[in-house]
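Engineer: This is the structure, below, for whatever I ask next.
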Ligand code: AMP
Ligand code: MG
């Protein structure tokens with residue numbers, strides 16, 4: 001077992017301990033937020049035929065190449081074609097067909113002129129200017145062409161992805177199964193959120209934040225009952241959580257206090273303990289183990305420590321398991337907007353906001369944050385990483401950050 005590993009090393013060890021979930025086939029209707037487990041090639045062109053993007057007349061450009069205000073050209077109208085219909089005849093030399101938005105371009109024609117630029121009766125239409133071959137024609141396959149790789153395995157199914165799949169007639173698709181995370185909160189001080197607060201007790205707030213971040217990352221979450229700080233109770237809870245769990249997460253009891261039993265429990269259960277504690281502030285209290293093949297990620301009880309260490313080191317692993325091809329948090333540099341006065345002799349992770357000002361990426365860091373405080377995370381879309389320093393960080397300095405925007 002390693003002790004006091006760097007955050008990046010801890011993250012790698014957790015990533016190495018997990019594997020990608022099996023796949024399942026589901027309805028497109030259920031697919032939002034899931035991860036594609038197959039490459040999608042277009043088997044059809046979208047649009048499937050060349051069409052008119054407007055209401056007007058379709059003809060051969062050749063026939064009006066001499067047209068002008070002084071010498072207008074008048075052509076007979078053969079018929080009308082509306083969306084959903086197909087012309088019964090081709091456009092031949094010296095003729096036009098009335099066409100409405102979305103209708104297929106009849107054979108022989110290569111130009112659509114909009115109503116507003118013509119004069120017409122029900123029998124004939126007059127043009128006052130020439131037009132270029134291909135103008136106002138949406139070509140077949142403009143959006144997608146047959147055989148084209150459209151979507152890749154490992155991509156999240158977002159709103160446009162779902163529409164693309166629908167356009168290709170994919171009503172069922174292969175996705176990765178959701179990662180099922182079971183969350184166990186340990187701590188004799190914890191009471192459920194709907195119970196009255198008696199002296200010395202606190203509400204279990206942390207688990208709700210963690211569960212939300214995990215759900216945003218694509219997991220399904222079960223919140224297990226709170227557990228007292230005893231070796232036996234924690235041990236029983238971890239054993240019971242094994243059923244259907246892809247990952248078990250615990251909070252509390254991973255430090256060095258008399259009631260910090262997680263390490264004892266995981267060791268006595270025969271788990272393979274990967275590491276204990278990280279060089280991470282907040283979030284140093286951390287135990288990573290693998291128990292009967294299931295990763296057990298034990299976070300601090302302090303809500304901010306738990307959330308920050310989980311986002312930085314566990315969420316990439318959950319995303320990897322979920323099948324994402326890009327599972328790491330994106331990293332970005334921004335310019336500190338206001339001085340951050342707290343000193344960080346060992347470095348520090350601080351929740352903050354990334355925004356654009358005068359076309360530059362700016363970062364605001366929450367000056368009022370602490371291990372036990374959840375509210376500084378509210379509205380934050382990044383976690384800033386401050387290098388060890390005996391001083392604070394001045395406005396205008398470049399700050400490195402991890403993007404948690406997807407998880408708020
Ligand atoms: P621990 O990691 O068990 O030493 O707990 C650290 C601090 O976090 C203590 O002040 C606990 O009371 C508090 N704490 C532990 N678990 C939770 C929880 N689920 N929700 C909110 N606070 C907690
Ligand atoms: Mg505790």
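Engineer: Here's a check for you: in segment 281-293, which residue that is more than 14 Å from residue 1 (Cα to Cα) and either over 32 Å from the mean Cα position of the chain (by Cα) or buried (at least 24 other Cβ atoms within 10 Å of the Cβ) (or both) is nearest to ligand 2 (Cβ to nearest atom)?
Structural biologist: So, considering only residues that are more than 14 Å from residue 1 (Cα to Cα) and either over 32 Å from the mean Cα position of the chain (by Cα) or buried (at least 24 other Cβ atoms within 10 Å of the Cβ) (or both), the one nearest to ligand 2 (Cβ to nearest atom) is 285.
Engineer: Could you check, for segment 326-340, whether at least one of its residues is crowded, with 17+ Cβ neighbours inside 10 Å, free of Cβ contacts under 8 Å to residues at least 24 places away in the same chain and more than 19 Å from the chain's Cα centre (by Cα)?
Structural biologist: Checked segment 326-340: no residue is crowded, with 17+ Cβ neighbours inside 10 Å, free of Cβ contacts under 8 Å to residues at least 24 places away in the same chain and more than 19 Å from the chain's Cα centre (by Cα).
Engineer: Given the residues 213, 259, which is the only one that is out of contact with any strand residue (DSSP E or B) (no Cβ under 8 Å at 6 or more places or on another chain) and within 28 Å of residue 158 (Cβ to Cβ)? Let's see the steps before the verdict.
Structural biologist: Working: 259 fails: within 28 Å of residue 158 (Cβ to Cβ).
On inspection, the qualifying residue turns out to be 213.
Engineer: Among the residues of segment 118-134, write down those that are surrounded by 13 or more Cβ atoms within 10 Å (Cβ to Cβ) and farther than 14 Å from residue 75 by Cα.
Structural biologist: If the condition is that a residue be surrounded by 13 or more Cβ atoms within 10 Å (Cβ to Cβ) and farther than 14 Å from residue 75 by Cα, then 131 is the only one that fits.
Engineer: What residue, of 218, 200, is closer than 23 Å to residue 315 by Cβ and part of a loop (DSSP other than H, G, I, E, B)?
Structural biologist: Details: 200 fails: closer than 23 Å to residue 315 by Cβ.
Sole residue among the options that is closer than 23 Å to residue 315 by Cβ and part of a loop (DSSP other than H, G, I, E, B): 218.
Engineer: Which one of these is over 24 Å from residue 24 (Cα atoms), away from ligand 1 (no atom under 16 Å from the Cβ) and without any contact (Cβ under 8 Å) to a residue 24 or more places away in the chain: 196, 160? Show your work before the answer.
Structural biologist: Numbers: 160 fails: over 24 Å from residue 24 (Cα atoms).
Just one listed residue meets the conditions, 196.
Engineer: Inside segment 251-280, can you point out the residues that are near ligand 1 (Cβ under 10 Å from one of its atoms) and either surrounded by fewer than 24 Cβ atoms within 10 Å (Cβ to Cβ) or in a strand (DSSP E or B) (or both)?
Structural biologist: Residues satisfying the conditions are 251, 255, 256, 257, 259, 260, 261.
Engineer: So, in segment 174-197, of the ones that are surrounded by 21 or more Cβ atoms within 10 Å (Cβ to Cβ), part of a strand (DSSP E or B) and under 21 Å from the mean Cα position of the chain (by Cα), which residue ends up farthest from ligand 2 (Cβ to nearest atom)?
Structural biologist: Taking the candidates together, the pick is 175.
Engineer: Which one of these does residue 107 not meet: (1) without any contact (Cβ under 8 Å) to a residue 40 or more places away in the chain; (2) within 12 Å of residue 53 (Cβ to Cβ)?
Structural biologist: Residue 107 satisfies all of (1) without any contact (Cβ under 8 Å) to a residue 40 or more places away in the chain; (2) within 12 Å of residue 53 (Cβ to Cβ) except (2).
Engineer: Please go through segment 234-250 and give me each residue that is surrounded by fewer than 20 Cβ atoms within 10 Å (Cβ to Cβ), under 13 Å from residue 265 (Cα atoms) and in contact (Cβ under 8 Å) with a residue 12 or more places away in the chain, ordered by number.
Structural biologist: Those that are surrounded by fewer than 20 Cβ atoms within 10 Å (Cβ to Cβ), under 13 Å from residue 265 (Cα atoms) and in contact (Cβ under 8 Å) with a residue 12 or more places away in the chain: 235, 239.
Engineer: Can you tell me which of (1) within 16 Å of ligand 2 (Cβ to nearest atom); (2) surrounded by fewer than 21 Cβ atoms within 10 Å (Cβ to Cβ); (3) modelled with pLDDT of 95 or more; (4) within 24 Å of residue 203 (Cα to Cα) is the one residue 220 doesn't meet?
Structural biologist: (1)
Engineer: Then there is this: When you check residue 210 against the structure, is it part of a strand (DSSP E or B), near ligand 1 (Cβ under 10 Å from one of its atoms) and buried (at least 18 other Cβ atoms within 10 Å of the Cβ), yes or no?
Structural biologist: Values: part of a strand (DSSP E or B): no; near ligand 1 (Cβ under 10 Å from one of its atoms): yes; buried (at least 18 other Cβ atoms within 10 Å of the Cβ): yes.
No, not satisfied.
Engineer: For segment 357-393, name all the residues that are touching a strand residue (DSSP E or B) at 6+ places or on another chain (Cβ under 7 Å) and surrounded by fewer than 13 Cβ atoms within 10 Å (Cβ to Cβ).
Structural biologist: Across segment 357-393, the qualifying residues are 360, 379, 388.
Engineer: With respect to residue 143, is the statement that it is within 30 Å of residue 64 (Cα to Cα) and either away from ligand 2 (no atom under 16 Å from the Cβ) or modelled with pLDDT of 95 or more (or both) true?
Structural biologist: Yes, satisfied.
Engineer: Would you mind listing the strands (runs of 3 or more DSSP E) fully within segment 34-112 where at least 1 residues are in contact with a helix residue (DSSP H, G or I) (Cβ under 7 Å, 6 or more places away or on another chain)? Walk me through how you get there before you give the answer.
Structural biologist: Numbers: elements: 56-59, 73-81, 96-99.
It comes to 56-59, 73-81.
Engineer: In segment 352-398, which residues are more than 14 Å from residue 334 (Cα to Cα), in contact with a helix residue (DSSP H, G or I) (Cβ under 8 Å, 6 or more places away or on another chain) and either without any contact (Cβ under 8 Å) to a residue 60 or more places away in the chain or assigned to a loop (DSSP other than H, G, I, E, B) (or both)?
Structural biologist: If the condition is that a residue be more than 14 Å from residue 334 (Cα to Cα), in contact with a helix residue (DSSP H, G or I) (Cβ under 8 Å, 6 or more places away or on another chain) and either without any contact (Cβ under 8 Å) to a residue 60 or more places away in the chain or assigned to a loop (DSSP other than H, G, I, E, B) (or both), then 366, 368, 369, 370, 371, 372, 373, 374 are the ones that fit.
Engineer: Then there is this: Would you say residue 301 is surrounded by 22 or more Cβ atoms within 10 Å (Cβ to Cβ), touching a residue at least 60 places away in the same chain (Cβ under 8 Å), within 16 Å of ligand 2 (Cβ to nearest atom) and closer than 18 Å to residue 388 by Cβ?
Structural biologist: Details: surrounded by 22 or more Cβ atoms within 10 Å (Cβ to Cβ): yes; touching a residue at least 60 places away in the same chain (Cβ under 8 Å): yes; within 16 Å of ligand 2 (Cβ to nearest atom): yes; closer than 18 Å to residue 388 by Cβ: no.
Judged against the criteria, residue 301 is not a match.
Engineer: Conditions first: (1) within 19 Å of residue 234 (Cβ to Cβ); (2) in contact with a helix residue (DSSP H, G or I) (Cβ under 7 Å, 6 or more places away or on another chain). Residue 327 passes all but one, so which condition is the exception?
Structural biologist: (1) is the only condition that residue 327 fails.
The values are calculated or read from the model by the stated rules, or taken from the named source; none is laboratory data. Computed from a prediction, not measured in an experiment: that's the story for all the values here. Glycine also receives a Cβ, built like all others from the backbone with ideal geometry; neighbour counts cover every protein chain displayed.
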